[in-house]
1. Between I77 and K11, 0.36 nm times their residue separation minus their Cα-Cα distance comes to what?
2. Taking θ as phi - 60°, what are the ³J(HN,Hα) couplings along segment 70-84 by the Karplus curve (6.51, -1.76, 1.60), each to the nearest whole Hz, with x for Gly and Pro?
3. For the chain, with a Gaussian network of springs between Cα atoms less than 10 Å apart, report the residue from K34, K109, K11 with the top mean-square fluctuation.
4. Just from its helices, what would the mean residue ellipticity at 222 nm be for the chain, if runs of 4 or more DSSP H residues each count -39500 (n - 2.57) and the sum is divided by every residue, rounded to the nearest 500 deg cm²/dmol?
5. Length gain on complete extension for the stretch E25 to Y204, per 0.36 nm per residue less the alpha carbon to alpha carbon distance?
6. Would you mind calculating the gained length between S33 and R132 on full extension (0.36 nm times residue separation, minus the Cα-Cα distance), in nm to one decimal?
7. Straight-line reach from K37: which lysines fall under 23 Å, measuring Cα to Cα and dropping same-chain residues less than 8 apart?
Amino acid sequence: MGSKNKLKRFKENETFSNVIQPTREEIEEGTFSKKGKWAEHFGNTNPIVLELGCGKGEYTVGLAQRDKSKNYIGIDIKGARFWRGAKTALEEGLTNVAFLRTQIELIDKIFEANEVSEIWITFPDPQIKYKRTKHRMTNKVFLEKYKQILKIDGTVNLKTDSEFMHGYTLGLLHGLGLEVLYANHDVYKNGGSPEEVLKIQTFYENQYLEKGKPITYIKFRVV
């Protein structure tokens with residue numbers, strides 16, 4: 001994407017009612033006004049579902065289209081990417097969608113304890129190199145952050161094309177004694193996966209499928 005297009009999207013994001021862009025200072029200093037008050041933002045007390053590293057926002061929007069009884073927040077630091085999802089949500093009049101531009105590692109400073117019902121992690125970078133382990137979105141540090149904000153019965157969903165990420169996460173969950181509700185190493189060949197796993201496909205997921213890569217899925221609890 002050219003720099004002019006990025007700037008155009010950044011500017012347009014500023015006009016979107018469903019895009020929130022706090023500064024890092026606001027979040028770290030505890031002055032971010034929506035923490036603990038996301039129900040006020042949506043105007044209801046419906047369950048809140050997050051997509052972390054939402055990219056273009058395809059999954060956030062897809063989930064929101066399927067279930068209007070929940071509120072969905074796509075989180076990514078790259079606003080030029082989720083511009084598409086935010087724009088689509090506005091065009092379709094989806095009032096149960098928001099996009100938040102920030103770093104994932106700040107998530108425990110953005111939501112209060114028990115404020116989130118469910119988390120989706122879709123096609124994250126597996127960060128295979130050992131030195132990148134700290135950025136892996138299902139490592140112990142991130143799992144602890146998810147635990148801090150999820151309700152007692154809250155769940156985390158990991159959908160990925162990376163067999164490494166799938167195996168690493170399963171091993172870590174079993175090692176920590178956490179509850180794995182469902183696991184499938186090839187959702188389109190093996191039956192049993194939830195409809196929201198099978199019916200929503202991102203641009204990159206379609207590319208992976210064209211290359212014959214299996215898509216894996218895990219649903220688990222950290223609380």
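1. Difference between extended and current length: 22.2 nm.
2. 10, 9, 10, 10, x, 10, 7, 7, 9, x, 5, 7, 6, 3, 4
3. So, out of K34, K109, K11, the one fluctuating most is K11.
4. Value at 222 nm, helices only: -10000 deg cm²/dmol.
5. In short, 61.2 nm is gained.
6. Once the chain is fully extended between S33 and R132, it gains 32.4 nm.
7. Partners within reach: K68, K70, K109, K145, K147, K151.
Each reported figure results from applying straightforward, stated rules to the coordinates on display, with no laboratory input. Computed from a predicted structure; not experimentally measured.
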